[in-house]
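Each value in this text was obtained by applying a stated rule to the coordinates, not by laboratory testing. The structure displayed is predicted, hence computed values, not measured ones. Neighbour counts are summed over all protein chains in view; Cβ atoms, including those assigned to glycine, are modelled from backbone coordinates with ideal geometry.
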Ligand code: SF4
């Protein structure tokens with residue numbers, strides 16, 4: 001990214017810095033089985049939504065200035081993306097899958113989007129190139145783009161997902177002060193569902209000792225079930241040392257001082273990714289697992305949303321990783337995750353090596369059978385028995 005042509009301005013309480021980016025598409029090392037995408041993008045860096053737990057403020061992501069008060073706008077994003085999408089301009093062909101818009105270090109529908117419309121223009125461009133898109137946001141502004149998303153969905157699929165730390169409006173005003181309350185986000189999800197667009201809930205991050213209780217997890221899943229969301233992806237909170245942890249702790253000290261000792265124990269600073277200690281994630285995941293069964297909710301994107309989009313190797317990779325996750329939720333260990341990784345690194349189609357599958361690292365007899373079934377039917381009976 002270059003900083004030539006920088007312009008400064010202000011929208012509301014936020015300082016805006018306009019820059020010219022050199023690239024937009026961010027390639028993942030392998031297909032991501034949460035979003036079923038190989039590419040993502042940040043059209044804005046920094047986020048006026050300023051959620052207290054946001055890991056975008058961690059030094060690791062090098063977002064300039066005070067997080068929440070400064071937003072960098074990549075004004076030439078659409079122009080650069082057009083070049084990146086054009087097959088003729090590429091040495092290596094882009095691989096199929098959803099293109100992820102949002103998440104990362106800035107919500108694509110934060111307030112600056114009303115002025116710059118980079119997300120809308122990006123969607124229009126992706127539609128031109130017939131790319132499926134998966135949007136993740138916390139802002140109801142996404143309703144503005146129903147026209148484009150609906151057309152994309154009819155053409156080659158679109159998914160709209162919202163993230164929540166809970167579905168409780170009161171708690172949200174403390175931890176997500178600048179985004180529409182969960183009740184409004186749920187209404188927007190219902191709006192997209194009514195318009196035939198697939199929807200996801202990212203119940204992530206649940207906040208330890210505050211929104212991770214069985215009651216709050218159950219409430220979120222019940223509301224997701226009522227709307228008919230297609231899947232719920234669940235996850236706990238990480239707190240990286242430095243700005244992210246300091247910012248979160250300063251609010252906690254003010255609002256819930258009685259929890260400080262427990263938090264210090266849970267986030268002892270020894271994990272580079274800011275993960276909680278001990279069995280914490282297993283404990284909350286098993287609560288989620290039980291509740292998701294009660295409400296019959298898919299815990300990953302269901303194959304029907306992607307099995308006609310992906311290359312065969314990516315399809316097998318995603319389904320094996322998801323299988324591994326379902327088994328983990330049951331407290332079981334499996335080698336499917338390792339096999340998925342080995343397959344993601346292959347550079348020849350699995351269908352050309354049907355007789356050599358067992359030579360792939362971590363692929364045993366059972367995994368071989370699953371892979372062959374996926375190659376033949378784009379589905380797996382074992383997978384279906386677990387969801
Ligand atoms: S909306 Fe997302 S990117 Fe923006 S502050 Fe909240 S968590 Fe961070």
One finds, for residue 144 and residue 272 with R0 = 41 angstrom and r their Cβ-Cβ distance, a FRET efficiency to the nearest 0.05 of 0.60
Taking r as the C-beta separation of residue 386 and residue 265 and R0 as 30 Å, the FRET efficiency to the nearest 0.05 is 0.35
In Å, the C-alpha Rg and Dmax of segment 285-350 are 13.3, 41
Kirkwood calc, the chain, C-alpha pairs only, radius in angstrom 21.9 Å
Under 11 Å by backbone N from the virtual spin label 7 Å along Cα-to-Cβ at residue 365, the residues of segment 311-344 are none
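Please report the antiparallel percentage of the DSSP beta bridges confined to the chain, to the nearest 5.
Here the share of antiparallel DSSP bridges comes out near 30 percent.
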Here the relative contact order (percent) of the chain, from C-alpha pairs under 8 Å and at least 6 apart, is 13 percent
Footprinting proxy, 252, 43, 346, 125: sorted fewest to most Cβ within 10 Å, the residues are 346, 125, 252, 43
Log entry: pair-distance distribution for segment 47-153, C-alpha pairs binned every 10 Å from zero, whole % per bin is 13, 42, 33, 12, 0
Protection proxy (average C-beta count within 10 Å per residue), highest first, orders 314-323, 195-204 as 314-323, 195-204
The whole-number value in µm²/s of the Stokes-Einstein translational diffusion coefficient for segment 312-386, with Rh from the Kirkwood sum over alpha carbon pairs at 20 °C and 1.002 mPa s, is 177 µm²/s
quick shape note, segment 140-261: Cα extents on principal axes in Å, largest first -> 52, 29, 21
For the pair residue 154 and residue 286, the simple spin-label estimate (label points 7 Å beyond Cα toward Cβ) gives in nm 4.9 nm
Note to self: C-alpha centroids of segment 59-105 and segment 123-158 sit apart, in Å, by 16 Å
Expressed in nanometres to one decimal, the distance between label points 7 Å along Cα→Cβ at residue 28 and residue 379 is 2.4 nm
Taking the chain and counting helices only, DSSP H stretches of n ≥ 4 at -39,500 (n - 2.57) each over all residues, the nearest-500 ellipticity at 222 nm comes to -11500 deg cm²/dmol
Subtracting the Cα-Cα distance of residue 129 and residue 342 from 0.36 nm times their residue separation yields 73.6 nm
In whole angstrom, the spacing between the Cα centers of segment 319-362 and segment 274-311 equals 18 Å
Expected sort for 353-361, 331-339 on mean C-beta neighbours within 10 Å, highest first, is 331-339, 353-361
